[in-house]
Amino acid sequence: MNAADEFSQLDATAQAALVRRKDVKPAELVQAVIDRIEKVNPQINAVVTRMYDEALAAADAAALDAPFAGVPFLLKDLAASCAGVPMTSGSKFARGFTPNQDSDLVARYRRAGLIIVGKTNTPEFGILPTTEPQLFGPTRNPWNPGLTAGGSSGGSAAAVAAGIVPMAHANDGGGSIRIPASCCGVFGLKPTRARNPLGPFLGDVFSGLVVEHAVSRTVRDSAALLDATSGYSPGDPYCAPAPARPFAQEAGTDPGKLRIAFSAKAPLGTRTHPDCVAAVEDAARLLENLGHEVVDAAPAVNGEMLWKHFMTVWTAGVTWTVRNSMAALGRMPSEGELEPITIAYDALGKNVSAADYLIAVQYLQLLARQIAAFMKDYDILLSPTLGSPPLPLGSFVSTPEDRLALGVASRFVPFTPVFNATGQPAMSVPLYWNAEGLPIGTHFAGRYGDEATLFRLASQLEQARPWANRRPPS
């Protein structure tokens, strides 16, 4: 086994420990990731921007006392700006934009010792739950190249699943951390609203739907990374409640006996694929064997109202995104620079009035109170992550009958958006693979501000049914 393949077996915590012991130099880790990208990426198309020279220079100056000293890392090419590096947002139109400073999150990544080696693929402006932008082409699922890696953080999830890096930046406005985590068989936690900063350029994206974090191979990496990045940044409109202690201390801590509500019924009333039902039922049995109380229950969510108001905020958000890009670039998009589905979303968003938007926000806030009341009786809410296994590439297309591809989207992603609306932390855990050898994520949502319980439970599940060494065929 060569160095690139050897290092790819280690999580970020283990790699940082090697650096601190001076058993390996940061430049060696970076070079191993470069080699791994060149070997693996042609098959999956996860990495779309290479930053090799910058990474090797940063490795030479790496501080060895940082929590992730010298560990290579990938940025999703959306929202988190990296000074001097183009941020395309997966769009032909936006590819000319180069930010002149790091976002607060990226600055915290650097302070944590992470070395950014490149940027990962995303659908145009992160709109879709699949990663197939016209600009870069599709990211392919490492478990089956004909299938989606999910979206919108599909490039990051595919890179982690394929062993390019142990963890990678991701963000989530309707499931975009958890969807690709499920499709690619990695761990993906969406933190509590405002746990991580969005500044200095952004404050409250899509009225709080959008949050930042990562996908990872192990629970402890996700927890330690959240410790390194979370917390108030000056000027933030609000921030999440401070944790009682570092999240890294929660990973490995006994969660005790939890009361867990369990349902495989989609809020929208769509059919859940038998493989996803089997995965969540298998998880329920595992939880009972671990000593938890699992109750067949779910909050009474009006799926049609949720979808209606969520989409009002989402379409208005797409219009805001397009106009933001126009302002940054100082011009209008030319013919063919925006994808048909983006044009369709933008057209709807332009018709959302200020009153419509505020009514939608009001509904989603009322829904958050409703689910918070339900969660007083439960520590965790368990469901499938997705409505089906990973879909074939090309499933999400704008047609005259369904210009927004909402039919397939509502069936594929019925479970995740509600927790963007409520702001609660939620995670997709890779506990199950179907008969075709495809990963099927299991979804766990916690109380607002309570990532601690999620990390404890995820760590217990990771020990009971390890997944980190389960890799796609190379």
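Only the coordinates and a few stated rules stand behind these numbers; no lab work does. As the structure is a prediction and not an experimental result, all values here were calculated from the model. Virtual Cβ from ideal backbone geometry, glycine too; neighbours counted across all protein chains shown.
Couple of notes before you dig in:
- Relative contact order %, region 3-464, counting alpha carbon pairs below 8 Å whose residues are six or more apart: 17 percent
- Whole-Hz Karplus values for region 294-300 come out as 10, 10, 6, 7, 7, x, 7 Hz, taken residue by residue from phi with 6.51 cos²θ - 1.76 cosθ + 1.60 and θ = phi - 60°; glycine and proline positions read x.
- Neighbours of Gly185 by Cβ distance under 10 Å: Lys/Arg scored +1, Asp/Glu scored -1, total +3.
- For region 252-265, 3J(HN,Hα) per residue [Karplus equation, 6.51 cos²θ - 1.76 cosθ + 1.60, θ = phi - 60°, Hz, x = Gly/Pro]: x, 7, 4, x, x, 7, 9, 9, 10, 7, 9, 7, 9, 7
- Part-to-part distance (alpha-carbon centres) for region 124-158 and region 208-228, which is given in Å: 20 Å
- Residue pairs exceeding 27 angstrom between C-alpha atoms, taken from Lys25/Lys119; Lys92/Lys308; Lys119/Lys265; Lys190/Lys308; Lys257/Lys376: Lys92/Lys308; Lys119/Lys265.
- Environment charge at Asp282 (Cβ cut-off 14 Å; Lys +1, Arg +1, Asp -1, Glu -1): -1
- Around the Cα centre of region 3-464, unit charges on the Cβ atoms of Lys, Arg, Asp and Glu (plus for the first two, minus for the last two) sum to a dipole of about 440 debye.
- Whole-number Å³ per residue for the convex hull built on Cα positions in the chain: 132 Å³
- Residues Lys265, Lys257, sorted so that the one with the fewest Cβ neighbours within 10 Å comes first: Lys257, Lys265
- Applying both filters, DSSP loop and at most 11 other Cβ atoms within 10 Å, to the chymotrypsin sites (Phe, Trp or Tyr not before Pro) of region 182-289 gives Tyr238.
- In this calculation the C-beta distance from Asp53 to Ala14 is compared with R0 = 25 Å, giving a FRET efficiency of 0.40.
- Region 406-411 - phi-based ³J(HN,Hα) in whole Hz, Karplus 6.51/-1.76/1.60, Gly and Pro as x: 6, x, 5, 5, 5, 7
- As a rough footprinting exposure proxy, the listed residues Thr192, Thr253, Thr319 were ranked by other beta carbons within 10 Å of their own, and the order from fewest upward is Thr253, Thr319, Thr192.
- Net charge contributed by nearby residues that have their C-beta within less than 12 Å of Val211 (K/R +1, D/E -1): 0
- Under the combined filter of DSSP loop state and at most 12 neighbouring Cβ atoms within 10 Å, region 27-102 retains none of its chymotrypsin sites (Phe, Trp or Tyr not before Pro).
- By the helix-only formula, in which each DSSP H run with n ≥ 4 contributes -39500 (n - 2.57) and the sum is divided by residues, the chain has a 222 nm mean residue ellipticity of -11500 deg cm²/dmol.
- Database remark: amide H of Leu147 closer than 5 angstrom to the amide H of Asn141, Leu393 (H placed geometrically; neighbours at sequence offset of 5 or more, or on other chains; Pro and chain starts carry no H).
- Sorted fewest first by neighbouring Cβ atoms within 10 angstrom, Arg471, Arg217 come out as Arg471, Arg217.
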